[in-house]
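Undergrad: Got a structure for you, written out below as structure tokens; questions coming shortly.
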Amino acid sequence: MCYYRSLPKVSKQIIKSKHFIYGIVKAISNNLNVKVTDIIRIYLPLSIILSNNIKKKLCYQNNSQSPYIIGITGSVAVGKSTIANILKILLYSWLCYPVELITTDSFLYSNKILIKKKLIQRKGFP
């Protein structure tokens, strides 16, 4: 039996609803300052591909405790956290499966501390 099938799901009718999708896209756009067209053209299709791969993994996997890990890399201040947050929202919308982010933002100094320690120019660099 597929593990993801036992998870709570949003009905297929709601997912296919343009209002449901547009509501999610609009919320992402407003909260993360990303253009609606970018979300629709780039992130929405990517999230569908990823959600399909996750569903396949959960179907073929006997141990439902193993995570599905997606790594996002890139230079300083290129939008890794923004992309991760967009995908988190969209993947949860498709799968209703818990999505967690583990980011370097969680353990680096805040800008306020970097300024106080006069290290702001070195932010993101060793």
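The values are calculated or read from the model by the stated rules, or taken from the named source; none is laboratory data. Everything numeric here is computed off the predicted structure, so don't read it as measured data. Here Cβ is always computed from backbone atoms with ideal geometry, including for glycine, and neighbour counts include all displayed protein chains.
Undergrad: Among the residues of the range 88-106, is any of a type in the set (D, E, K, R) and modelled with pLDDT under 80?
TA: There is at least one residue in the range 88-106 that is of a type in the set (D, E, K, R) and modelled with pLDDT under 80.
Undergrad: Can you tell me which residue within the range 1-39, out of those that are among the hydrophobic types (A, V, I, L, M, F, W, C) and at pLDDT below 70, is farthest from CYS96 (Cα to Cα)? Outline the logic, then answer.
TA: Narrowing the range 1-39 to residues among the hydrophobic types (A, V, I, L, M, F, W, C): 1-2, 7, 10, 14-15, 20-21, 24-25, 27-28, 32, 34, 36, 39.
In the following step, the residues that additionally are at pLDDT below 70 were identified as 1-2, 7, 10, 14-15.
Details: MET1: 18, CYS2: 14, LEU7: 7, VAL10: 7, ILE14: 13, ILE15: 11 Å.
It comes out as MET1.
Undergrad: Here are the criteria: (1) of a type outside the set (Val, Ile, Thr); (2) surrounded by 15 or more Cβ atoms within 10 Å (Cβ to Cβ); (3) farther than 19 Å from LYS18 by Cα; (4) out of contact with any Phe, Trp or Tyr (no Cβ under 8 Å at 6 or more places or on another chain). Tell me which single one LEU58 does not satisfy.
TA: (4)
Undergrad: Another question, then. Between TYR109, TYR92, TYR43, which is surrounded by fewer than 17 Cβ atoms within 10 Å (Cβ to Cβ) and either β-branched (Val, Ile, Thr) or in a helix (DSSP H, G or I) (or both)? So that I can check it myself, show each step before the final result.
TA: Values: TYR109 fails: either β-branched (Val, Ile, Thr) or in a helix (DSSP H, G or I) (or both); TYR43 fails: surrounded by fewer than 17 Cβ atoms within 10 Å (Cβ to Cβ).
Among TYR109, TYR92, TYR43, only TYR92 is surrounded by fewer than 17 Cβ atoms within 10 Å (Cβ to Cβ) and either β-branched (Val, Ile, Thr) or in a helix (DSSP H, G or I) (or both).
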